[in-house]
Structure formats: structure tokens, C-alpha cells
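Every read-out reported here was derived from the displayed coordinates using simple, explicitly stated rules and does not represent laboratory data. Note that the structure is predicted; figures quoted are calculated from it, not measured. Methodologically, a virtual Cβ is constructed for each residue, glycine included, from the backbone with ideal geometry; neighbour enumeration extends over all protein chains shown.
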Amino acid sequence: MGLMERLLTVVFGGPTNVVRETVEVFRENAEAGAERSAGVQGQAMAQFGAEFVVPRKGAFDRFMDGLNRLPRPALALGTLGLFVSAMVSPLWFSERMQGIALVPEPLWWLLGVIVSFYFGARHQVKAQEFQREIVGTVARVPQVLSNIETIGKLRADSVAVADTGPDATLSIHTVRPNENAALEAWKRQQV
């Protein structure tokens, strides 16, 4: 019994576990990996927290910190505001976009450089594509206005919205009552 016990202890248990050590060659020990990951995350958080240990000395430092946090949310909210204004007042939006279409290309380049520098690694091609898309959108304004006018004529309170015109067959169909299966079933139950 002692020999089998020693053999099984070497293979499956004890300080030297042959099976565990062999498996760990092919697959990471999950517990050890979690400990290493927790250590790395703890060090990163400690380093991040160390940046904010130094108290800000004055109002100017706090003001500059706040100012540095404004551009990204301002651009995001401004872009959402443009979408809303395009839906609420298409003519007002189109007039503003016409003004943007008149901005000279060197000024677009300068704006692109400033935005690229501030946000890092942005491509000037995107700004130029955006300008081309604005011109294309402005070219579609007459069609959009025509569509809005057509949609407005379809409102229930519009004059003659249900007019059938010279179509006699359509006129007959509009005054002839349709069969209503539910109403017919109810009538049968009442008898």
C-alpha cells in the first residue's frame, strides 16, 4: 500500500503534482493569472490615483482643469444639436449650412489641424469628406422641401385629402360599406 500511495501522491498530490505541472505548460493556472491581473490593476490604479494626490493650489488650476474637459462634450452635444435643428427647422439649418459651404478651404485646413492636434491622430481627409457631404446635402434641399410639402398635403385636416378625383370606381368603393366580420358575428349572437 505504501508504494501505491507514494506513486499517487507524486502524480496527483503533494508538493510536486506532475499532472498539474504538465497541464500548466499548456493552460494558464486561472488562480495565478487572476492574482497577476489583480496586481497589475492595483498598480495602475495606484499610479492613476497618485496624479490626483497633489492638491490644486488655486482657482486658476481648477478653472484650467474644467476648461480642458469642455471641448469633447461640447462637440458631441453640438453635433446632436445640429441633428435636432435639422429636423425641427430644415430651412434654418439649410441656411446655416450654406454659410458653412462658403468657408474657404484654407480655413477648413486650419480647423482640421487644430482639431487634429487637440484630439490626436485625426485625419484631414475626414474634414474634406464632411465638406463634400455638406455640399451634397445642400443640393438635396429642394427635393426635401418638396417632400415636406407633399407630406403636409397628406394630413387629415388638409382640404380634399380624401378626394377620389375623376375615378368613378374608387368613388363607389368609398361610399359602399365594407363587410365587418366582427359586427356580423355580434349580430348573429343578438338574434
- Message: For the chain, what does the relative contact order come out to in percent, with C-alpha contacts under 8 Å and a separation of six or more?
- Response: 7
- the chain: C-alpha gyration tensor shape, a/c 1.5 cut-off, then a/b vs b/c: oblate
- Task: Order these peptides, 23-29, 185-191, by their mean beta-carbon neighbour count within 10 angstrom, highest first.
- Result: 23-29, 185-191
- Task: Based on other C-beta atoms within 10 Å, arrange Ile100, Ile172 from fewest to most.
- Result: Ile172, Ile100
